[in-house]
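We did not get these values from a lab; they are worked out from the coordinates using the rules stated. Treat the numbers as computed from the prediction; the structure is a model and nothing was measured. Note that each Cβ is placed from the backbone with ideal geometry, even for glycine, and that neighbours are counted across all protein chains shown.
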Amino acid sequence: MNHRVAPAITAFLLSFPALASASPQPSAADEPAATAENDDAAATGASDSRGVEVAYAGPPGAFEPEPAPAPVPAATDGEAGLAGFRDRDAASGRAWGSPTALTAPRGKVQLGYWGVPSEVGFATVGYGVTDRLQIAAGVGWDHSVSYDCFDCTYQQRTTAATLSAKYQVARRAHTAVALQASWLTVDDTALSTWSLVATHCLDGDACKVVGSAHLSFLIEADAYDSYGNVATAVHGVVGGSLIAGNRLKAVLDVGVVGADENDRFTLAYGGVRWAGRRLAGDLGFLTAIQDGDTETAPVPLLSVSGRL
């Protein structure tokens, strides 16, 4: 009998006196002579000098079997939840144009570009001040604005500059909430945006399907009202996005912009993303819809994000 099984049986019987007393009792003649070697064997549950297996003779219930080996955890792709999603995707802080509630890791530099090559573009540089706070600055340009003057056509170059900050006010394994503020100047027009963003893993720890929703207020200074007077305009923006996939992802981004039902339009983007830890790129199409009619033909857009 195995030397580990015998002590277990003995301890089991000794814990039930009725059963133990009912079993046959060996006579003194049958018992082996007591020797120091045999005493050591009895203490350890090993065999004595005659090769006879000696059971552990400790107090009832004192025997404890060896614990089973711990199960080997299944292999995972980095961290779980939103932490893993951020680690695997250098563009995790945005869908296409709308933000997510994720920030750049502490001490990391975040680079970004998006636009229509040779026409409109925007480039930004961000930095993770802490693991919850990110700041960024950027410049934009537009070469697509043209004017006709009798028999001539000329283009006017539009430039823009922006500053932004995003702070995570709440963070759990699968959910994060952030506040974002940005300031944008376009020629002589000043804009500011104040946003509340929530992001959630829709598939648990895997976090390969991520949804975000945001509520923003766009404040436009030096705007013109319906009477042609200079005024400050406030536009509400409600939107949501979905990012699904591992290395190759589908990206959907929709936002409804407007001050009232008479001045409201929808921006809709759909595309794909190749996501890496240090570099990610998006390619898709953006269209504007107003009153159920498409205002613009789908425009091809390119965006690239890098993390250093």
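Tell me which residues come under 5 Å, amide H to amide H, from T100 once H is placed; ignore anything under 5 positions away on its chain.
Distant-sequence amide H within range of T100: R94, A95.
What is the set of long-range amide H partners of L202 at a cut-off below 5 Å, with H atoms built 1.01 Å from backbone N?
V209, V210, G211
Among 263-276, 161-174, what's the highest-first ranking by average C-beta atoms within 10 angstrom per residue?
Per-residue Cβ counts within 10 Å, averaged per peptide and sorted highest first, yield 263-276, 161-174.
Please report D282, D131, D188, D142 as a ranked list, fewest other C-beta atoms within 10 angstrom at the top and most at the bottom. Don't skip to the end; give the middle numbers.
Numbers: D282 23, D131 16, D188 7, D142 19.
Least to most surrounded, the residues fall as D188, D131, D142, D282.
Would you pull out the residues with amide H under 5 Å of D131's amide H, same chain only if 5 or more places away, H placed 1.01 Å from N?
Answer set, sorted by chain and number: R106.
Order by neighbour count: E119, E220, E79, fewest other Cβ atoms within 10 Å first, most last.
The fewest-first ordering by Cβ neighbours comes to E119, E79, E220.
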